[in-house]
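Chemist: The following block contains the structure, expressed as structure tokens.
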């Protein structure tokens, strides 16, 4: 069944988030902070692994530079935060301090940026099976437990981002498969890895990198390969 992988992914994120919310109430603040920092270090490791996949670092660099300009022009980071704020208001938390937006944005970026999200959705859409997305679902479910225990219910709503992104990629898989080559996917993966590094920096509270603004780079990378790779 096409699209099954994305459905499983969404359910895993929501289920993991609610487990994290329940567990989080029983975990001391210092433990939750340390776990979040551990996750940040792990995200850095994943990002570095993907970034090193590049065959020519020029492609990710140019893609990130051009993608950042486009992302800021479209105000992607601000719009992501705006969606999070709108959802938070619907929960009517009043003046209560909340990490809803951080949870929604950080989790959305972690779950949506990466080779498994792209390649798994394409494979699923072409009827080749949803194995990649099932694996991603297991990983995302575990990560959402950790995220929700520290960042709150906003993590559960990141399932919306996953559903929209992966559902769209699945629907467009036929056309994408006809265009993307192995080299394009390689450079897109490497570019995504650098973006993931930005997420790790953000989770470690070293600097609030506007990671969302780099998302257009994932489109620029395969385009650059198509235009300039020999």
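Chemist: So how tilted is helix 4-24 from the main axis of the chain? Cα-based, degrees 0 to 90, rounded to 10.
Modeler: Rounded to the nearest ten degrees, it is 30.
Chemist: How much length is gained if the chain between residue 48 and residue 70 is pulled fully straight, taking 0.36 nm per residue apart and subtracting their Cα-Cα distance, in nm to one decimal?
Modeler: 5.5 nm
Chemist: To continue, here is another question. Run lengths n ≥ 4 of DSSP H only: what is the helix-derived mean residue ellipticity at 222 nm for the chain, with -39500 (n - 2.57) per run over all residues, to the nearest 500? Mind dumping the intermediate values first?
Modeler: Details: 11 runs with 180 residues, N = 230.
Calculated at 222 nm, the ellipticity per residue is -26000 deg cm²/dmol.
Chemist: May I pose another question? Relative to the first principal axis of the alpha-carbon coordinates of the chain, what is the inclination of helix 131-151, with its axis defined by its Cα atoms, in degrees from 0 to 90 and to the nearest 10?
Modeler: 40
Chemist: Looking at the square roots a ≥ b ≥ c of the eigenvalues of the Cα gyration tensor of the range 95-173, which shape do they give, rounded for a/c under 1.5, prolate if a/b is larger than b/c, or oblate? Don't skip to the answer; put the middle values down first.
Modeler: Numbers: a/c = 3.44, a/b = 2.14, b/c = 1.61.
Prolate is the answer for the range 95-173, as a/c is 1.5 or above and a/b outweighs b/c.
Chemist: Now, a different point. From the mean inverse distance of alpha carbon pairs (Kirkwood) and the Cα radius of gyration, derive Rg over Rh for the range 142-230. Write down the numbers at each step before the final one.
Modeler: Numbers: Rg = 15.7 Å, Rh = 15.1 Å.
A ratio of 1.04.
Chemist: Under the classification rounded if a/c is under 1.5, otherwise prolate if a/b is larger than b/c and oblate if not, where does the range 31-72 fall, given a ≥ b ≥ c as square roots of the Cα gyration tensor eigenvalues?
Modeler: Oblate, since a/c reaches 1.5 and b/c is not below a/b.
Chemist: Neighbour counts of other C-beta atoms within 10 Å: give me 187, 77, 29, 55 arranged from fewest to most.
Modeler: Fewest-to-most Cβ neighbours within 10 Å comes out as 29, 55, 77, 187.
Chemist: What FRET efficiency do you get for residue 135 and residue 55 if R0 is 41 Å and r is their Cβ-Cβ distance, rounded to the nearest 0.05?
Modeler: E between residue 135 and residue 55, to the nearest 0.05, is 0.95.
Chemist: On to the next question. Quick one: helix 29-51 against the long Cα principal axis of the chain, what's the angle to the nearest 10°, folded into 0 to 90?
Modeler: 0
Chemist: While we're looking at this one, here's another question. At q = 0.17, 0.20 Å⁻¹, what base-10 log of I(q)/I(0) does the Debye formula yield for the range 1-76 when every alpha carbon is treated as an equal point scatterer in vacuo?
Modeler: Reported log10 I(q)/I(0), two decimals: -1.03, -1.01.
Chemist: Here's another thing I want to ask about it. How high is the relative contact order of the chain, in percent, with contacts defined as C-alpha pairs under 8 Å that are six or more residues apart?
Modeler: Computed value for the chain: 43 percent relative contact order.
Chemist: Sketch the reach of a paramagnetic label on residue 181 as a point 7 Å from Cα along Cα-to-Cβ, and name the residues of the range 41-68 whose backbone nitrogen lies under 17 Å away.
Modeler: 54-60
Chemist: Could I ask something else about it? With 10 angstrom as the radius, rank 74, 206 by how many other C-beta atoms surround their C-beta, starting from the fewest. Can you show the working numbers first?
Modeler: Numbers: 74 14, 206 10.
Listed from fewest to most nearby Cβ atoms, that is 206, 74.
Chemist: GNM on the chain, C-alpha springs below 10 Å: top fluctuator among 69, 195, 211?
Modeler: For the chain, modelled as a Gaussian network with Cα springs under 10 Å, the answer is 69.
Chemist: Between 142, 104, 157, find the one with the highest GNM mean-square fluctuation for the chain; connect C-alpha pairs within less than 10 Å.
Modeler: For the chain, modelled as a Gaussian network with Cα springs under 10 Å, the answer is 142.
Chemist: Sort all Cα-Cα distances of the chain into consecutive 5 angstrom bins from zero, then give the percent of pairs in each bin up to the one containing the longest distance.
Modeler: 1, 7, 14, 18, 20, 18, 12, 6, 3, 1, 0, 0
Throughout, read-outs are computed from the coordinates displayed, never taken from laboratory work. Values in this document were obtained by computation on a predicted structure and should not be read as measured data. Positions of Cβ are generated from backbone atoms using ideal geometry, with glycine treated the same way; all protein chains shown enter the neighbour counts.
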